[in-house]
Each structure stands twice: as C-alpha cells, then as structure tokens.
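This report refers to the structure that appears directly beneath it.
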Amino acid sequence: MTQSDKANAAASEAPSVAYPSIDPATVVGWGVDADPKNDPTWPIRDRSGDDGARADWTPPSAQVAGVEILQSVEYGRRPAVVGESTPPAGLSGMVRRAAFRFSEGQWGHWLLLMGADRLNTVEGLLQDFRRGRMPNPLFEMGFVKHERRHEAALATAAVVGVAVAGLVLLNRRRHHLSL
C-alpha cells in the first residue's frame with residue numbers, strides 16, 4: 001500500500017470537524033477578521049478580486065499518526081499534518097511530555113523543551129557508544145565539512161604560522177641590527 005493510499009484511507013476514516021463561527025466580542029484579540037465589514041485586509045483583497053468568503057473553509061482531513069504526537073494545551077486539535085520522524089523517547093521524551101503540560105506562554109514550557117534538546121544530545125552520544133561508534137561532534141555539527149578539508153586547513157594553518165613566525169623573527173633581527 002502506497003503512502004497516498006494510506007492517506008486516502010485515513011482521510012475516509014477521519015471524523016469531519018465543523019468549525020463554529022467566531023463571535024469577536026467573546027474572544028479578546030481573536031477573530032478580528034471574522035466580521036467581513038471589519039476586515040483589515042480589505043484594500044488588498046479588493047484589489048485582488050478575492051470574494052472574501054474564506055472563513056468557512058473545509059479543513060483537510062487529519063493525518064493518522066503512527067507515533068506519539070505532543071500537542072500544546074492551547075489548541076483543541078492537531079494540525080492536519082504532523083511530523084513523525086522523531087517521537088519522544090527516553091528521559092528527553094519524559095521532559096518533553098512535562099513541557100507540554102504548560103502553556104506556550106509560560107517560560108517553563110520553553111525551558112523544559114530546551115533542556116530536553118540538550119538531554120537528547122547526550123542520549124544520542126550514549127547511543128553511539130552503545131553501538132560501538134566513536135562520535136565526532138565537530139564533524140557531525142558541521143564545523144568540519146570533510147575530514148580532508150580539516151587536514152588541508154591544518155596544513156595551511158601550519159604554513160601560515162611558520163611564515164608569520166619567520167616575518168616576526170626577520171623584523172626583530174632587522175630592528176636589533178639597526179640599534
């Protein structure tokens with residue numbers, strides 16, 4: 001079964017979601033464009049020929065996730081498409097789950113997520129050691145593009161260093177002889 005077939009099957013099984021219309025008076029700061037008479041994009045929309053009827057669109061069917069997806073407490077539902085490449089796992093996953101108990105407007109949410117990123121890095125290094133692979137952080141982080149370039153850069157630095165040292169010694173000798 002192809003990925004498209006899976007998506008089509010998931011779309012047919014996913015429940016349809018109806019979005020209620022927003023009353024701008026009930027949500028402070030939200031829904032400013034819900035009233036077509038108070039649309040901040042009016043001049044642009046008028047020039048483009050857009051009819052303006054976009055508040056009642058039908059959302060795409062939601063992707064059926066095969067892994068755990070962490071969701072913010074601010075939103076009632078997930079977006080239609082989510083990433084599944086790195087599900088939360090290990091100690092960093094536990095920290096990420098704790099972070100998503102906080103609102104995105106709180107420092108604790110973001111600090112825990114940054115801490116989970118650091119823990120995930122350490123977990124990756126430990127996983128490399130368990131597999132018998134010696135990590136090379138400079139190469140893996142992109143500081144050194146290719147190991148050959150690293151050797152060439154070292155040779156270039158050595159030649160430049162010798163040349164600079166030679167010029168300094170020559171300048172000192174010339175300065176010493178002139179006294």
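The values are calculated or read from the model by the stated rules, or taken from the named source; none is laboratory data. Keep in mind it's a predicted model, so treat the numbers as computed, not measured. Cβ atoms come from the backbone with ideal geometry, glycine included; neighbour counts cover every protein chain shown. Surface areas here come from the heavy atoms of the whole protein model, side chains and all, with no ligands, DNA or RNA. Shrake-Rupley method; radii C 1.70, N 1.55, O 1.52, S 1.80 Å.
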Pair list, Cβ < 7 Å and 6+ apart or interchain, from segment 143-160 residues that are at pLDDT below 65 to residues that are surrounded by 10 or more Cβ atoms within 10 Å (Cβ to Cβ): GLU147/PHE139; HIS150/VAL144
VAL64, sole failed condition from (1) open to solvent by 90 Å² or more (accessible area, probe 1.4 Å); (2) of a type in the set (A, V, I, L, M, F, W, C); (3) farther than 30 Å from ALA9 by Cα: (3)
Is it the case that segment 81-91 has a residue that's surrounded by 11 or more Cβ atoms within 10 Å (Cβ to Cβ), at pLDDT below 80 and aliphatic (A, V, I, L, M)? no
If you check ARG96 against the conditions, is it open to solvent by 80 Å² or more (accessible area, probe 1.4 Å) and charged (D, E, K, R)? no
Take the residues in segment 99-113 that are in a helix (DSSP H, G or I) and hydrophobic (A, V, I, L, M, F, W, C), then tell me which one is surrounded by the most Cβ atoms within 10 Å (Cβ to Cβ). ALA99
